[in-house]
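A.B. asks: Have a look at this one.
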Amino acid sequence: MEFKALHLYAAVMVLLLGSSVNFIQSPTDVLGPVALLEPTPSSKSDFGAVVSDSPFAVMRPESSGDIALLLGALSSVAPSPRATVAARGAGHSLHGQAQARGGIVVETRALPRDVQVAAVAHGHGDSGGATTMPAYADVGAGALWVEVLEECLKAGLAPPSWTDYLYLTIGGTLSNAGISGQTFKHGPQISNVLQLEVVTGKGEVVTCSPTKSPELYYAVLGGLGQFGIITRARIPLQLAPPKVRWVRVFYDSFETFTGDQELLVSMPEQVDYVEGFMVLNEQSLESSSISFPAQINFNPDFGSNGRKKVYYCIEFAVHDFQLNGSSADHVVEQVSGKLSYLKPHRYSVEVSYFDFLNRVRMEEESLRSRGLWDVPHPWLNMFVPKHGATQFKDLLMDTVSADDFEGPVLVYPLLTDKWDGNTSAVVPATAEGVMYIFGVLRSTDPARCGRECVERIREQHRRVADEACRSGNGGGIGAKQYLARQPSPAHWRDHFGSTGWGRFAARKARFDPRHVLGPGQGIFPRTDNAASM
């Protein structure tokens, strides 16, 4: 280990001194090689495709120890742009957050991606009484959620909380939040973690949980990669249903649409998933139906002559554990009877649990076939307090044109009491207990939207975000951005608020005092006085 560390330290010194060496590798030993490689095209790109910052080098670690050697070496040298590290998983950041201009990108997909499932265990506690240990999966942080799902289903189990798109890494979503239609019931993915292995910015490998090194545990969950690189996670599991009853209903009133969504999330014993989206035009209706394997005979009048009408769709799902027949149909009938959708526009289909969770893959394949996947995605994601949902919808529609829109606008409620305030994730302060996620998920067609067009969309979204994020006392909504890179450190301080910023900065000083990690977020610039901030 000491021999390996010396060679990596020498490599780091060469890197910081500006050598033209493109490939630096320690001798192979029992621990395996530690390599700094020349940048690849993927190391300066991401799904958003609006930022492209090239690193000086790339690292493909084989273990958490490899990352620890790198971060330990970098944390002991003078500040430099090259002494910065960004963790990159599947590359689905939107604004260059997993990039490191002139620094080092650590590709976490190179880490072991094993998924070890521990089913329910029974035993006896110290008092002699019977105990039950919940099922869980120990997972390498470079694994994709779809890989976790496939392995867990072999045991009839699955994590309770998901993202809509499963081809993201465990470490990536846990560094943000991880939300989907199950979040109202189980909380975000960061509320469904039992234990983590983390390499801090100082190069320390730490196993942490709510009871062991809790400050680090809560810091890295939703911590935007600022305090450590997650290398393993222990995820709780629950019984997985064989199939799901998936329902869609349509609305012509935003107030009725959101009212029914809030009714649905108030029934967690009956309903397992709730989302929704705006139906802006024929194209959005067609594209949103790609993954839904049932005929939808909804042909609304979207208006004309500048008087456009917007419609809305709720989709909800009920788990079905009955192999023969259905135990979910009765629940769907009972729940649907309480909703005020446009009759008779209710559509229902039975699908396997895997196909339901993997539904966005079909949309991805459709976009790829049309050349609309590997294109700029100037997305906007906002957490909006319940009282500001209508105001935000109106603000959004006043800013963007429904005719010039490729991609869905997701709208669905989340319950704030399912979010642990100890984590680093930021959500709006609201006494209502309900907030909405608005996901403006735009794709840009290169044939119609060049770089100037993309920048225009980004500017539109910036205006919407700035207006919505103003506090209620200032006439704003008090919303918070999600998955965004703020334009300046001052914007980041506003994002966290005075109390939240103080805690976030204190955690940075404790776990990454030299500001080595997460340069792509733009939160803590790497300066000569970083260690004293």
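The values are calculated or read from the model by the stated rules, or taken from the named source; none is laboratory data. Keep in mind it's a predicted model, so treat the numbers as computed, not measured. Note that we place each Cβ from the backbone using ideal geometry, even for glycine, and neighbour counts take in every protein chain shown. All accessible areas refer to the heavy atoms of the entire protein, side chains included, with ligands and DNA or RNA removed. Shrake-Rupley method; radii C 1.70, N 1.55, O 1.52, S 1.80 Å.
A.B. asks: How many Å³ per residue does the convex hull of the Cα positions in segment 318-397 occupy?
C.D. replies: Each residue corresponds to 196 Å³ of Cα convex hull volume.
A.B. asks: What lysines does residue 243 reach when the alpha-carbon gap must be under 19 Å and sequence neighbours fewer than 8 apart in one chain are set aside?
C.D. replies: By straight Cα distance, residue 243 reaches 154, 185.
A.B. asks: Which Cα, out of 61, 142, 298, lies furthest along the positive dipole direction of the chain (beta carbon charges, K/R +1, D/E -1)?
C.D. replies: Result: 61, furthest along the dipole toward the positive end.
A.B. asks: Here's a follow-up. So which cysteines in the chain don't have a second cysteine's C-beta under 4.7 Å from them?
C.D. replies: Flagged as lacking a Cys partner: 152, 208, 313, 469.
A.B. asks: Also, I was wondering about something else. How large is ³J(HN,Hα), in whole Hz, for each residue of segment 337-344 in order, when computed from phi with the Karplus curve 6.51 cos²θ - 1.76 cosθ + 1.60 and θ = phi - 60°, using x for Gly and Pro?
C.D. replies: Working through the residues one at a time gives x, 8, 9, 10, 7, 6, 6, x Hz.
A.B. asks: Which percent of the accessible heavy-atom area of the chain goes to carbon and sulfur, probe 1.4 angstrom?
C.D. replies: 51
A.B. asks: Send over a whole-number figure in Å² for the accessible area per residue of segment 328-403, probe 1.4 Å.
C.D. replies: Values: 3480 Å² over 76 residues.
The answer is 46 Å² per residue.
A.B. asks: Here's a follow-up. Can you figure out the FRET efficiency of residue 365 with residue 282, using R₀ = 22 Å and their beta-carbon distance, to the nearest 0.05? Could the numbers behind the result be given before it?
C.D. replies: Values: r = 21 Å, r/R0 = 0.96.
The pair residue 365/residue 282 has a calculated efficiency of 0.55.
A.B. asks: Quote the convex hull volume per residue of segment 430-530, based on C-alpha atoms, as a whole number of Å³.
C.D. replies: Per-residue hull volume (Cα only) is 147 Å³.
A.B. asks: Just for the Cα atoms in segment 286-430, what are the lengths along the principal axes, largest first, rounded to whole Å?
C.D. replies: 49, 45, 36
A.B. asks: Something else now. Can you work out the Karplus-derived ³J(HN,Hα) for every residue in segment 390-395? Use 6.51 cos²θ - 1.76 cosθ + 1.60 with θ = phi - 60°, whole Hz, and x for glycine or proline.
C.D. replies: Along segment 390-395, the couplings run 5, 4, 5, 4, 5, 4 Hz.
A.B. asks: Right, here's the next one. Expressed as a fraction of 2.2 N^0.38 Å, the rule-of-thumb size for a compact globular protein of N residues, what is the C-alpha radius of gyration of the chain?
C.D. replies: It is 0.99.
A.B. asks: Let me ask something else. How big is the charge dipole of the chain about its Cα centre, in debye rounded to the nearest 20, if each Lys and Arg gets +1 on its Cβ and each Asp and Glu gets -1 on its Cβ?
C.D. replies: So the dipole magnitude of the chain works out to roughly 1100 debye.
A.B. asks: I need two numbers for segment 183-248: Rg to one decimal and Dmax as a whole number, Cα atoms only, in Å.
C.D. replies: In Å, with Rg to one decimal and Dmax whole: 15.0, 49.
A.B. asks: For residue 309, which lysines qualify as cross-link partners when the Cα separation must be under 16 Å and same-chain residues fewer than eight apart are set aside?
C.D. replies: Answer for residue 309, where 16 Å is the Cα cut-off: 393, listed by chain and number.
A.B. asks: Next question. What translational D, rounded to a whole number of µm²/s, comes out for segment 131-245 from Stokes-Einstein when the hydrodynamic radius is the Kirkwood one over Cα pairs, at 25 °C and 0.890 mPa s?
C.D. replies: 172
A.B. asks: Let me ask something else about it. Remind me, relative contact order of the chain in percent, using alpha carbon pairs under 8 angstrom and six or more residues apart?
C.D. replies: 16 percent.
A.B. asks: May I ask you to list the chymotrypsin sites (Phe, Trp or Tyr not before Pro) in segment 320-374 that are in a DSSP loop and have at most 16 other Cβ atoms within 10 Å of their Cβ?
C.D. replies: Hits after loop and neighbour filter: 321, 373.
A.B. asks: Mind listing the phi-derived Karplus ³J(HN,Hα) values for segment 239-256, rounded to whole Hz, using 6.51, -1.76 and 1.60 with θ = phi - 60°, and x for any glycine or proline?
C.D. replies: Listing the rounded values in order: 4, 9, x, x, 8, 9, 9, 10, 10, 10, 9, 10, 9, 10, 10, 5, 5, 5 Hz.
A.B. asks: To continue, here is another question. Percent relative contact order of segment 162-223, based on C-alpha pairs within less than 8 angstrom and at least six residues apart?
C.D. replies: Relative contact order for segment 162-223 comes out at 30 percent.
A.B. asks: Using only the C-alpha atoms of segment 211-331, find the volume of their convex hull and express it per residue in Å³.
C.D. replies: Value for segment 211-331: 208 Å³ per residue.
A.B. asks: Report the net charge of residues surrounding residue 136, where surrounding means a beta-carbon distance below 13 angstrom and charges are Lys +1, Arg +1, Asp -1, Glu -1.
C.D. replies: Combined, the nearby Lys, Arg, Asp and Glu give 0.
A.B. asks: Where the only charges are on Cβ atoms (+1 Lys, Arg; -1 Asp, Glu), what is the dipole of segment 280-406 about its Cα centre, to the nearest 20 debye?
C.D. replies: In total the dipole reaches around 420 debye.
A.B. asks: Past 23 Å, Cα to Cα: identify those pairs from 212/508; 338/418; 343/418, in the order given. Before the final figure, lay out the partial values.
C.D. replies: Details: 212/508 19 Å; 338/418 25 Å; 343/418 33 Å.
Beyond 23 Å between Cα atoms: 338/418; 343/418.
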